[in-house]
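Okay, structure first, notes after.
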Amino acid sequence: MDDAVVSPNRSADGATFLSRRGLLKGGGALVVGFALAPAAGFAQAARGVKAGPPDYHAVDTWLAIHADNTATVYTGKCELGQGNQTGLLQVAAEELDMGMHQVSTIRLDTNITPDQQATSSSSSIHRGAPALRAAAARARMELLARAAARLGVQPGSLEVRDGVVSVRGENGFRKVTYGQLLGEKPFNVKYDGTAPVKAPNEYRLVGQRPARVDIPEKVAGKYTLVQHHRAPGMLHGRVVLPRGQRGFGVGAKPVSVDETSIAHIKGAQVIRKGDFVGVVAEREWDAVKAAQALKVVWRQGEPLGDHNSVHARMRKDKTTDTLIANVGDSAGMMQKAAFVRGSSYQCPYQSHAPFAPNCALADPTGEQLVIKSPTQDVYSSRKQVSEVLGIPEEKIRVQFFEGSGTFGRSCYEDATQAAAIMATQTGKPVRVQFMRWDELGWDNYGPAHAAEVRAGVNADGDIIAYEYDGWQHGWTVTSTVSDSARTKAGVERASGSGSITVNPISTGSMYKIADRRVTSHAAPMVNYLRGAALRSPLDLSFAFASEQTVDELAVAVKMDPVAFRRRNIGDVRWLDVLDAAVKAANWAPKVMGSETQSGDVVRGRGVALGTHHVSYGAAVAEIEVNRKTGVIVTKKLYGAMDCGLTVNPALVENQMVGQMIQSVSRVLKEEVTFDDNGVTSLDWSTYQVLRFAEHPEVTPVVVQRMNEPSTGAGEEVMGATAAAIANAFFDATGVRMRQFPMTPERVLKALEGQQRT
């Protein structure tokens, strides 16, 4: 790929003129050690000395130019496996007129990198890139001014390629590099967003497909994950919790702890802070044994009920009701509809279930407590540790190290805070890793959801009324460890979002419906399971219910579901992703469920729309259903996404593949189970996930919109995928599944009902 910069004016030989934006910095190989890229002078002297965050509007906060004409980019978004570091480096290199081989980045660190809040909600490019782009533009403007002064010319006569600024003269080109202009020195300028940035038609890197910068070391087995870290003199720690959480509000309160019960394990030590209980030992296996051998009597709470009754309970609970959308007269128009379809739907608690349990390492031996953590937000993590320990934030340094994947609030803050508690009490570095039963049993689950959906259509196939009622409870951003360590009352405290509301985008907004009502019913978070963000929070549930209802309307008027959606879609961007997905799938129009199939194995296709925030997603699913065993196999998936300006289509395609495979796992297999005494799904047998051999063939399609703002791309096709699988099941069997996961037992029960009728 040509690394020449595309500028407003181009010279005869294809070089470009410098008269616009600024600089930030792009990316070559991701630096996985903690060195500040290839710099020595200003970068090392000015950074890492004291607690951040650095000045958000200082160009020096975002990048450093080195004498060898390379640049280090500092971002506030961490690499969680989605490739965002590559995309952000593209944005920076684009504005700097540098090549990807000249730019690199470092891990997030509260002493060094800017505070851009959590890497969540598909926000890395959507919310993370604008500041980076603006800072880079301002930096480039400054470099241009310095180059013009050095070369004695006007800025508009300059050309730049790969960080080399040149001007054409009578005797050829005179040149100066960025490194010669600034190498190892600070910019000492602020950015305010006024420095002009490139127009999309000038891009040479943005919109292209450079390889992910983190992959080579991961493939070579050299990439440093948080689980790999050790420190001299380090102890191993384990958190001690009951097997499976109780209802929220009970917490993990020890009534008594018999420390003598682990006296036989050499060097094992009990760590207490408030209601927090942990153990440390010099050998990891001794810590594991001590955590299991320690005799603790735990407080018991009210009976939790079980996972089969939670939906009915939410619907009976006293809820906080919010009208999310209310236009026209949906009830009145329902009376005028030629056909009305709708039903109740039940959707489960689901776990983050990272492949490797969460881990963190805390070292108290320096001037700061240094914590290596897989957190999604180093600054928030630092604040939480400060609150748990009761020490100032500037005494704590949090460095991000990638873990095994999370996509939502798994137990990474629990591990981080537990390591901090144990390290400060022992005065030694402590590495804490959760056990599988702790990770699955004390996760911050994606909350369960119950839905009631009704919609009406006229005889011409126009949706004229729509109603969605959704029940769910809230979530907490306070970890179990924090709750335990900061109280002796054993009462968990909800914080952050007191309730989750139904997403209006995923509940009919993509269709031209003049009369529509969407109501969210938020149950109080008392004696339910802990809830928090999970990838595409609740959007699988919304689409599973809503898009099946839309399909039922299409069947009622005997229309192909694609043609029915095309007729009713109200936004060309929804239409374009639908068309892209069905084109990739070579969709053959028909009325769903209209073909009678013989034999044990039947096949079906389904289509659906859905999203999470503001992007557009569509999916087509091809499945097989074994009517004898109840097993559903997803054979092929086709997905399309419009996330505005796609900085790197390959990254988005990778994300789509991951999203769609994860959706298959969640809609067919994943469910947190519990009884009166607590969570019972504590391992890979009791909490099933899709196996590698079961994943479908996935075809992702990116609908590129170069002139639109970038929006989220990490979770926006998941709901459509779940609903497409459900619609394909109806096409194959003529039966609707109103609950997921669509397990073999539930499939057989649904098919038995069909046989009886």
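Kindly provide the set of residues from the range 566-591 that are more than 33 Å from the chain's Cα centre (by Cα) and aliphatic (A, V, I, L, M), ordered by number.
Matches in the range 566-591: ALA588, VAL591.
Kindly establish whether THR424 is surrounded by fewer than 24 Cβ atoms within 10 Å (Cβ to Cβ) and not in a loop (DSSP other than H, G, I, E, B). Break it down into steps so the answer makes sense when it comes.
On the way: surrounded by fewer than 24 Cβ atoms within 10 Å (Cβ to Cβ): yes; not in a loop (DSSP other than H, G, I, E, B): yes.
Here the answer is yes, as THR424 does meet what is asked.
Hey, could you check the range 255-305 for residues that are among the β-branched types (Val, Ile, Thr) and not in a strand (DSSP E or B) and say which is surrounded by the most Cβ atoms within 10 Å (Cβ to Cβ)?
ILE262
Tell me which residues, restricted to the range 446-465, are under 27 Å from LEU534 (Cα atoms) and either crowded, with 21+ Cβ neighbours inside 10 Å or of a type in the set (Gly, Ala, Ser) (or both).
Of everything in the range 446-465, those that are under 27 Å from LEU534 (Cα atoms) and either crowded, with 21+ Cβ neighbours inside 10 Å or of a type in the set (Gly, Ala, Ser) (or both) turn out to be GLY446, PRO447, ALA448, HIS449, ALA450, ALA451, VAL453.
Of everything in the range 626-657, what is closer than 27 Å to ARG691 by Cβ, small (Gly, Ala, Ser) and not in a strand (DSSP E or B)? Give them in sequence order.
Start the filter on the range 626-657 by keeping residues that are closer than 27 Å to ARG691 by Cβ, which leaves 626-641, 650-657.
Remaining after also requiring small (Gly, Ala, Ser): 630, 639-640, 650.
GLY630, ALA650, listed by residue number.
Return the total of residues in the range 157-169 being outside any loop (DSSP other than H, G, I, E, B) and touching a helix residue (DSSP H, G or I) at 6+ places or on another chain (Cβ under 7 Å).
If we filter the range 157-169 for residues that are outside any loop (DSSP other than H, G, I, E, B), which is where we start, we get 157-161, 164-169.
Then drop every residue that is not touching a helix residue (DSSP H, G or I) at 6+ places or on another chain (Cβ under 7 Å), which leaves 158, 165, 167.
Of the residues in the range 157-169, 3 are outside any loop (DSSP other than H, G, I, E, B) and touching a helix residue (DSSP H, G or I) at 6+ places or on another chain (Cβ under 7 Å).
Looking only at residues in the range 481-506 that are modelled with pLDDT of 70 or more and over 21 Å from the mean Cα position of the chain (by Cα), which one is surrounded by the fewest Cβ atoms within 10 Å (Cβ to Cβ)? Write out each step before concluding.
Here is the first cut: in the range 481-506, the ones modelled with pLDDT of 70 or more are 481-487, 500-506.
Applying the additional criterion that residues be over 21 Å from the mean Cα position of the chain (by Cα) yields 481-487.
Values: VAL481: 30, SER482: 25, ASP483: 26, SER484: 29, ALA485: 23, ARG486: 19, THR487: 16.
This residue is THR487.
Between residues in the range 215-242 that are closer than 19 Å to ALA268 by Cα and residues that are surrounded by fewer than 18 Cβ atoms within 10 Å (Cβ to Cβ) and among the acidic types (Asp, Glu), which pairs lie under 9 Å by C-beta distance while being six or more apart or on different chains?
Listed by first residue and then by second, the contacts come to MET234/GLU282; LEU235/GLU282; HIS236/GLU282; HIS236/GLU284; ARG238/GLU284.
Yes or no: the range 584-603 includes at least one residue that is of a type in the set (Val, Ile, Thr) and either touching a Phe, Trp or Tyr at 6+ places or on another chain (Cβ under 8 Å) or not assigned by TED's automatic domain parsing to the domain that holds MET656 (or both). Give the derivation first.
First, the residues of the range 584-603 that are of a type in the set (Val, Ile, Thr): 591, 596, 601-602.
Checking which are either touching a Phe, Trp or Tyr at 6+ places or on another chain (Cβ under 8 Å) or not assigned by TED's automatic domain parsing to the domain that holds MET656 (or both) leaves us with none.
No - not one qualifying residue is present in the range 584-603.
Of the residues that make up the range 530-538, is at least one within 22 Å of GLY305 (Cβ to Cβ) and part of a strand (DSSP E or B)?
yes
If only one of ALA118, ALA139 is farther than 13 Å from GLY714 by Cβ and either in contact (Cβ under 8 Å) with a residue 40 or more places away in the chain or out of contact with any Phe, Trp or Tyr (no Cβ under 7 Å at 6 or more places or on another chain) (or both), which one is it?
Working: ALA118 fails: farther than 13 Å from GLY714 by Cβ.
Going through ALA118, ALA139 in turn, just one is farther than 13 Å from GLY714 by Cβ and either in contact (Cβ under 8 Å) with a residue 40 or more places away in the chain or out of contact with any Phe, Trp or Tyr (no Cβ under 7 Å at 6 or more places or on another chain) (or both): ALA139.
Any idea which residue in the range 105-156 is nearest to the chain's Cα centre (by Cα), counting only those that are among the β-branched types (Val, Ile, Thr) and part of a loop (DSSP other than H, G, I, E, B)? Steps first, answer last, please.
First pass over the range 105-156, keeping only residues among the β-branched types (Val, Ile, Thr): 105-106, 110, 112-113, 119, 125, 153.
Next cut, part of a loop (DSSP other than H, G, I, E, B) only: 106, 110, 112-113, 119, 125, 153.
Details: ILE106: 20, THR110: 21, ILE112: 24, THR113: 20, THR119: 7, ILE125: 12, VAL153: 48 Å.
Checked the range 105-156; the qualifying residue nearest to the chain's Cα centre (by Cα) is THR119.
Looking at this structure, is GLU387 assigned to a loop (DSSP other than H, G, I, E, B), more than 24 Å from GLY81 (Cβ to Cβ) and of a type in the set (Asp, Glu)?
Considered against the rule, which asks whether it is assigned to a loop (DSSP other than H, G, I, E, B), more than 24 Å from GLY81 (Cβ to Cβ) and of a type in the set (Asp, Glu), GLU387 comes out as no.
Looking only at residues that are modelled with pLDDT of 95 or more and among the hydrophobic types (A, V, I, L, M, F, W, C) in the range 227-254, which one is surrounded by the fewest Cβ atoms within 10 Å (Cβ to Cβ)?
Filtering first and then ranking leaves ALA231.
The rows are residues; the columns are (1) at positive phi; (2) touching a Leu at 6+ places or on another chain (Cβ under 9 Å); (3) without any contact (Cβ under 8 Å) to a residue 40 or more places away in the chain.
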| residue | (1), (2), (3) |
| --- | --- |
| ASN626 | no, no, yes |
| LYS635 | no, no, no |
| ASP642 | no, no, no |
| THR646 | no, no, no |
| ASN654 | no, no, no |
| GLN659 | no, no, no |
| GLU671 | no, no, no |
| ASP676 | no, yes, no |
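The values are calculated or read from the model by the stated rules, or taken from the named source; none is laboratory data. In this text the structure is predicted, and so the values were computed from the model without any measurement. Don't worry about glycine lacking a Cβ; one is built from the backbone with ideal geometry, like all the others, and counts go over all protein chains shown.
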